[in-house]
């Protein structure tokens, strides 16, 4: 009797357990009517904040769909002098990545970061990127003194005006993205490779890139041996892109307002005999203006080049006295200044310079 009762208890317990399991598992549905697995929650894009719009453009080129990008400065602002306002600090508060050019160009950027209270983007953190790391700078000062104006101790910071340097800047941004978001590392690498290839084609022309390869062309260009190499290999006629377009600039003297364009001049072969500013960041005196006038007349200068945010008074005066063309052009990117991305900015600079140097008037 006792064994029968035990058997009943065992069967009842098994039934209860089976019912509980069925309830937890949910109702049984035919194969075609079973509910789908819950959709994966989309991962929010990394928030990138840059000091300059041109860096924001490079970050978009590399980050693609996995990033959202904003910049602090406007494309028509002098990058040396941006006010670190509470509005900019608020922008930086939830950034995953803060990208600056460095080389003491945006000293105001550190005040923005400090005021943001965001620990992820402080100096030394993975979310802080100095985009110019690894760039070989030009115009390193031999003497540091405030008497010489706004001198940059690590060299001229306007490095992005050489397309070869733009590759380095984009590479540093890509490396930071890969460290923060390893799941999309391959995408960032592919986007970077695509950007660098597009720079190659824009700079050298597709035909020459296919024949020689972008990396070798870069080595030759950086070493100042590209022209000799092409001539020796009878490839000169194959050169295209910005370098071919800029051929009329070779050796031409172009006066600039500020020490902004040394990287552009070095890559595309023109010279800068004198700047309108006697010292960086200090407006020219009448004496300096007359000194520039003498150089322009002596060397037959046809073009005065300055960034759109610099005062045009001295440049207009010099243009009127000499018949030279005053070009006030954007050196950063944005729809508001007519050059929506890096490629449009570079193309505009070269096109306008060539037009100025070849005009018959």
(request) Of all residues in region 283-315, count the ones that are part of a helix (DSSP H, G or I), in contact with a strand residue (DSSP E or B) (Cβ under 8 Å, 6 or more places away or on another chain) and buried (at least 17 other Cβ atoms within 10 Å of the Cβ). (result) 3
(request) Report yes if some residue within region 144-157 is within 21 Å of residue 58 (Cα to Cα) and either assigned by TED's automatic domain parsing to the domain that holds residue 52 or at pLDDT 95 or above (or both); otherwise report no. (result) yes
(message) Of the residues 94, 70, only one is part of a strand (DSSP E or B), over 30 Å from residue 284 (Cβ atoms) and assigned by TED's automatic domain parsing to the domain that holds residue 50; which?
(response) 70
(request) Those residues that are in a loop (DSSP other than H, G, I, E, B) and surrounded by 12 or more Cβ atoms within 10 Å (Cβ to Cβ), I need them from region 115-124; list them, please. (result) 118, 122
(message) Among the residues in region 335-346, are any closer than 28 Å to residue 55 by Cβ, touching a strand residue (DSSP E or B) at 6+ places or on another chain (Cβ under 6 Å) and not assigned by TED's automatic domain parsing to the domain that holds residue 69?
(response) yes
(message) Would you confirm whether or not region 22-30 contains a residue that is touching a helix residue (DSSP H, G or I) at 6+ places or on another chain (Cβ under 8 Å), at pLDDT below 95 and either outside the structural domain of residue 190 (by TED's automatic domain parsing) or not in a helix (DSSP H, G or I) (or both)?
(response) yes
(request) Kindly indicate whether any position in region 238-247 is modelled with pLDDT of 95 or more and closer than 16 Å to residue 325 by Cα. (result) no
(message) I'd like the full set of residues that are over 16 Å from residue 79 (Cα atoms), surrounded by 17 or more Cβ atoms within 10 Å (Cβ to Cβ) and under 18 Å from the mean Cα position of the chain (by Cα), limited to region 316-340.
(response) 339
(message) Take residue 187 and tell me if it is in contact (Cβ under 8 Å) with a residue 12 or more places away in the chain, in contact with a helix residue (DSSP H, G or I) (Cβ under 8 Å, 6 or more places away or on another chain) and not in a helix (DSSP H, G or I).
(response) no
(request) Only residues that are free of Cβ contacts under 8 Å to residues at least 60 places away in the same chain and outside any helix (DSSP H, G or I): list them for region 316-332, please. (result) 323, 325, 326, 327, 328, 329
(request) Go over the candidates 48, 87 one by one and state the one that is part of a helix (DSSP H, G or I) and either out of contact with any strand residue (DSSP E or B) (no Cβ under 7 Å at 6 or more places or on another chain) or at pLDDT 95 or above (or both). (result) 87
(message) Being closer than 23 Å to residue 73 by Cβ, assigned to a helix (DSSP H, G or I) and under 31 Å from the mean Cα position of the chain (by Cα) is the requirement here; does residue 344 meet it?
(response) yes
(request) Being at pLDDT below 95 and touching a helix residue (DSSP H, G or I) at 6+ places or on another chain (Cβ under 6 Å) is the filter here, so list the residues in region 267-319 that pass it. (result) 278, 279
(request) Out of 161, 138, report the one residue that is modelled with pLDDT of 95 or more, surrounded by 14 or more Cβ atoms within 10 Å (Cβ to Cβ), more than 13 Å from the chain's Cα centre (by Cα) and outside the structural domain of residue 349 (by TED's automatic domain parsing). (result) 138
(request) State all residues of region 246-265 that are assigned to a helix (DSSP H, G or I) and surrounded by fewer than 17 Cβ atoms within 10 Å (Cβ to Cβ); if no residue qualifies, say none. (result) 247, 248
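The values are calculated or read from the model by the stated rules, or taken from the named source; none is laboratory data. Keep in mind that this is a model prediction, so the values were computed, not measured. Every residue, glycine among them, receives a Cβ derived from its backbone with ideal geometry; neighbour counts consider all protein chains shown.
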